[in-house]
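What follows is calculated from the coordinates using simple rules that are stated; it is not laboratory data. Given the structure is predicted, the values throughout are model-derived calculations rather than measurements. A quick note on method: Cβ atoms are made from the backbone with ideal geometry, for glycine too, and the neighbour counts reach across all protein chains shown.
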Amino acid sequence: MKSFRNKVAAITGAGSGIGQALALNLASQGCHLALSDINESGLQETAESTRAAGVKVTTTILDVSDRQAVFAWAEKTAAEHGSVNMVFNNAGVALSGTVGALSVEDYEWIMNINFWGVLYGTKAFLPLLEQSGEGHVVNISSVFGLTSQPMMSGYNASKFAVRGFTESLRQDLELAKSKVTATCVHPGGIKTNIAKAARVSESVKALTGVSDEETLEKYEKMFIHTPDTAAKTILKGVRKNKRRVLIGMDARMFDWAVRVAPTGYQKVFTKATEWFSKSG
């Protein structure tokens, strides 16, 4: 897909962060949009900004963990726009805590949004992309879908699942000689609201001696890339039909670490976490 003009893109989590930046960048290139988010105010803000570009924009309040709602949104999008060419499964949440401390419900919460939301979005839109004659599925994983970290088992599990699912999907589409393709995206530290909305277990403070607020503040200092930079990198990857898109030097470093030391990196990350918790 070399041009986005007069194409139709569906985006989850479009009310802020990368989703909002994708919408703005696509609109500026003449792409029509079906936007969704669970946050109504953020969604409307994105819609108003993108309509200024003169493209058709529709909005839906959506909880991506709701299977029926996601499929209904896909049907609504096809009815309102006539066709769909791209789906960006971007909506996500974060969870931090030790395996021993996190509840089964905590894991269900993050998997329902981060993985099942991606699967629902892919399954709901894939037939529509096929019908359009030219389509692209873009699923947002993370650097935490490349390497694991202490106290991030839930987030790691969800993002590794997105990666495995998307890479297998890509191969399925190639075997079928489909006109639809797929890309898995691994952002590094992006300045979004995901850290502020994260669930943080008391076990994090027990191990590190740092409060939730201090932990989030420290991590946010490491988020050096803007959503706009991330969006431009993703769309460049779509144009080039890349299998994997890494966003930022930190993402490339994580990718390099797991290639050089497939298991050894874990000790390094554990030590880094200990140092990070004690640093100012």
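Values for this structure:
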{"quantity": "Taking the range 8-278 and dividing mean pair separation by its residue count, relative contact order in percent (alpha carbons under 8 Å, at least six apart)", "calculated": "19 percent"}
{"quantity": "Reference-scaled alpha-carbon Rg (2.2 N^0.38 Å with N residues) for the range 8-278", "calculated": "0.99"}
{"quantity": "Whether the range 63-131 is rounded, prolate or oblate, judged on the alpha carbon gyration tensor where a/c under 1.5 counts as rounded", "calculated": "prolate"}
{"quantity": "Where Rh is the Kirkwood radius over Cα pairs, Rg/Rh for the range 84-167", "calculated": "1.06"}
{"quantity": "Degrees separating the helix 40-51 axis from the principal Cα axis of the chain, which is the longest one", "calculated": "50 degrees"}
{"quantity": "Degrees between helix 17-28 axis and first principal axis of the chain (Cα, 0 to 90, nearest 10)", "calculated": "30 degrees"}
{"quantity": "Ranked list, fewest to most other Cβ atoms within 10 Å of each Cβ, for Lys271, Lys56", "calculated": "Lys271, Lys56"}
